[in-house]
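Below: the structure, in C-alpha cells.
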Amino acid sequence: MVRNIVILGGNSHPALTEHICNILGLPVSNRILSKFSVGETRCEIKDSVRGKDVFIIQSGGGSVNDHLMELCIMISACKIGSAKRVTAVLPLFPYSRQPDLPYNKAGAPLSKPPSEVPKDKYTFESVPATPAPGIQKTPGFSIDTDLSGAMSRTSLTNGNGHGLVNGTARLNGETSANGEASSAPARPGLTTMHTQSFTTHDLQNPALINTFQAKPGYKRWVAQAGTLVADLLTCAGADHVVALDLHDPQYQGFFDIPMDNLYGRPLLQRYIQQNIPDYREAVIVSPDAGGAKRATAIADSLGMDFALIHKERRPTRITDRQNATMMLVGNVAHRICILIDDLVDTANTITRAAKLLRKERATTVYALITHGVFSGDAIQRINISSIDKIVVTNSVPQVEHQRQCPKLDVLDVSPIFAEAIRRIHHGESISVLFQYD
Amino acid sequence: MGDMANEIKLLSGNSHPVLAKLVADRLGIELAKTLSLNYSNQETSVTIGESVRDEDVFILQSTAPGDINDGLMELLIMIHACRTASARRVTVVTPNFPYARQDKKDKSRAPISAKLIANMLQTAGCNHVITMDLHASQIQGFFNVPVDNLYAEPSVLRWIRENRGTDDVVIVSPDAGGAKRATAIADRLDRAFALIHKERPRPNVVGRMVLVGDVVDKVAILVDDMADTCGTLAKAAQTVKDHGAREVIAIVTHGILSGNAINILNESCLSQIVVTNTVPLGDKVERCSKLRVIDVSPTLAEAIRRTHNGESVSFLFNHAPA
C-alpha cells in the first residue's frame, strides 16, 4: 500500500507505534535506542533511510527529557542518513502546558507563597539615574584618582599566576600580602551587595523550595519552554510535525515548519454516542474557562447542553489560590455530567470539578480527556474521587494506569495517526480528518 | 551599585552546584537566584529569581552521570529563559561537554549527537561556550559561536610536581587517540612517554592491549581525558604493571566513573586515580580511597572573569591560576 516510507518509534510508546504500523501494513523499522552507562542516549538506525519518507513516533509522557532527546537524536540521525523528509509524530506534545507558578515535586501548587517584598526597602529608581535636568550626574573618575594600583591588579604579571587576584585573597586568606590593595575589590561590579541570596538545588527539600525568594522588586518568573521545544525539533532537522489536541492552538505558530494538529474530538464524540445512555439528556461540562471552546464544540455538534466551571481567581493573597472557589455556571441537577478536557496531569482540577458537580446533584460524572498523563498521585486521587468513569486515549501508555484504576477506559488513537501518516506521505489533504460532523 | 548593569551573573544548573559555588566564591560573587526542579510529569521547570536584563550571564552546567538528558534540557531552558529575559550575552560553562564522544558518523545512520547538542545550545540562544578538555577539539567547529576549550593540563602538571615529583616518571597514553595529550604532558615534564594500543570491538567493552615504550621500574602515569566505566583504564594499568612498572597511577580530566567504575578501580592495580572536579563525584571519594581530586574552579573562574572583561583567555592554556 505504502512504499518508500519508514516508521520509527521511540522508547516512550512502542505499543502505539506497533498499532500504527499494523494499520498501515508496514513493519516497524529497526533501531538501537538505549543509553550508555553514563546516561547519554545511544541511537543507531539499522534500516536504510536514504531518500525515504521517515516518520518518528515519540510521545511526551514518562521521562520527558529523555524522550525528547531521543527524538531529536533520531531525527538528526535520519537527516544525516540522507532521509528525504523527517516527520516527528508526537501524540502528546512535551512541554505543551506549563503552569506559570512554581509547583512542588508532588505537582500541587506551593502551599507557601513567596514572601512579601519589603516595599519600604525597595525603590524602583535605577542606579545610576537616567540623565535628566536636575538629576545629579554619575560621578566619574576624578582626575587625581590613582588608577595604577587598581589596574595592576587586573593585569598579568610574569605569567606565574600571581597576578590573578580575583578572589584569591578570599580563598587562602593571604590578605596581608597585598595589603589594602586586595581588600578593596578591583571592580565594584564583581561584588554584589546582597548577602542572603542562594540557589536551590535540592528537589527533595520542600523547605528550600518554599523559602525560595526572588530578589526584592523582581517578580519571580518561570521559564516557558514552549518555543524552545519547537525550535529544538526544527534544529534537529524535523521537516514536519504532527501532534494531537495541543493545549494551546497558538503553539502551531511557534513552528516555522508545517505542523498538523489532529483532534481527538471524533473519538470522544463517538464514545459519548455509543457508551453513554441517553446522552442527549446529559450535560457537557468544561472544568475551566480555558477549555470552554473545546467543550462547547462537542456540545454543539451533539446538540447537548453545556455548563462551565469557573474558578474564582481573585484571592486576596496567593495562599488562597489553592482554595480558590469553584463556581458552576449552568444546571446539572439530576443529570449525567460529562467533563471534557485536553489533558489530565495531577488530576487536581478534574477531581475537584467532579466533587462540585456531585454537590450540585449530578447523577453520574464522566470525564473524557484526550491525554491521560496521570503523574504523581493522580490515579489514587481519581480512584477516591466522585468521577464514575474516566476515558482517555492511548496517546501515552495506559496499561499500567488501567491496572491501577478500574474507572479508566482507553480509546485507541492509532487509526487517526495512521491515516494522517498515510495522507501526509501521499500528499493528500488531511483536513478531511478535521471534518467529522 | 548593586544594580549596575552588565555584571557577571553566574547561574547554576542542578548538575554540579558544588563547582558553581567554588567558581562563584572565586569570583567573589553570589550565585544568581534560580530554582529548577521537575514537575510531577517530569518536565523541567526553571524559575529565575532576579533580573538578568542587560547582564553578562554565565550558566554553569556539567554532566551528572545518569541525568545527562535532564541536565541538558535544564540548561537549554535556562539559556532560553535568560535570552528571552533580555540578557546581553549568555555564555554556557560546561566543563564536561555532553555527548562529546558521539562526534562522528562512525557507522551508517549513526547520529553526530555532539553536533546536535551544539546546534541545540545555539538554538536556545547561547552566545559563547566555555568548556574544558573536549574529547575532540574539532567539536569547536560544530559551533558558529566562540568556543573556549580550556585545558586541565596546567593544573595536572602542578599536581604531578607537587604530589608525585617527576623522578622515575613515565607518561602513558592508554590509547592512540590520547597520544597527543600525553606527549604534551611528557614534554612539559621532560619525561619519557609510552603508549598502549588497544582493540575495541564494541562500545564500553575492551579488547587486547599492546604496550609501546619502556616502563620498567618506573612510576607510570596514565593520562586520559575521561574515565567512564574504567574498564579500559584498569586493563591499561594491568598491562603497564605486567610490563614491569613499579607503580601505576591514572590522571584523567573528566571522572565520570559511571556504572561499576568504583569497584573496578578499587580492584585494579592502580595506586591512585586523580580526576578533576569537572564532573560531580558525589560520594565516590568516600567509596574509593584511591581517588584524588584536582580543583579546576580557579581556571573556570578566571576564564569567566577574562571573558567578561574582554581579556585574552590564552594565558590559561599554559598556566593554572593559584
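Since every read-out is calculated from the coordinates, none of them should be taken as a lab result. Since the structure is predicted, the reported quantities are computational estimates derived from the model, not experimental observations. Methodologically, a virtual Cβ is constructed for each residue, glycine included, from the backbone with ideal geometry; neighbour enumeration extends over all protein chains shown.
If you plug each phi of the stretch B:54-68 into the Karplus form 6.51 cos²θ - 1.76 cosθ + 1.60 with θ = phi - 60°, what whole-Hz ³J(HN,Hα) values come out, in order, with x for Gly and Pro?
Computed from phi, the couplings for the stretch B:54-68 are 6, 9, 9, 8, 10, 10, 9, 9, 9, 10, 8, x, x, 10, 4 Hz.
What pairs from A:79/B:104; A:79/B:198; B:241/B:290; B:115/B:198 go past 21 Å between their alpha carbons?
A:79/B:198; B:115/B:198
May I ask you to derive the FRET efficiency for residue B:214 and residue A:22 from their Cβ-Cβ distance with R0 = 60 Å, giving the value to the nearest 0.05?
Here the calculated transfer efficiency is 0.40.
Can you give the Rg to Rh ratio for chain B, taking only C-alpha atoms and Rh from Kirkwood?
That ratio equals 0.98.
Within straight cross-link reach of residue A:389, meaning Cα distance under 24 Å, which lysines are found once same-chain residues fewer than 8 apart are removed?
Residue A:389 reaches A:293, A:311, A:355, A:359, A:407.
Can you work out ³J(HN,Hα) from phi for every residue in the stretch B:142-154, in order, using Karplus 6.51 cos²θ - 1.76 cosθ + 1.60 and θ = phi - 60°, giving whole Hz and x for Gly and Pro?
Here the 3J(HN,Hα) series is 6, 9, 9, 10, x, 10, 9, 9, 7, 10, 7, 3, x Hz.
What is the sum of charges around residue B:166, taking Lys and Arg as +1, Asp and Glu as -1, for the other residues whose C-beta is under 13 Å from the C-beta of residue B:166?
Combined, the nearby Lys, Arg, Asp and Glu give +1.
Determine ³J(HN,Hα), in whole Hz, for all residues of the stretch A:234-240 in sequence, where each value follows from phi through the Karplus function 6.51 cos²θ - 1.76 cosθ + 1.60 and θ = phi - 60°; x replaces Gly and Pro.
Those phi angles translate into 5, 6, 5, x, 5, 9, 7 Hz.
Compute the whole-percent fraction of alpha carbon pairs in the stretch B:34-148 spaced more than 18 Å apart.
So the pairs more than 18 Å apart make up 50 percent of the total in the stretch B:34-148.
Any idea how far apart residue B:317 and residue B:190 come out in nm if each label point goes 7 Å out from Cα toward Cβ?
The modelled label-to-label distance comes out at 2.3 nm.
Give me, ordered by chain and number, the residues 5 or more places off residue B:258 or on other chains with an amide H under 5 Å from its own placed amide H.
B:229
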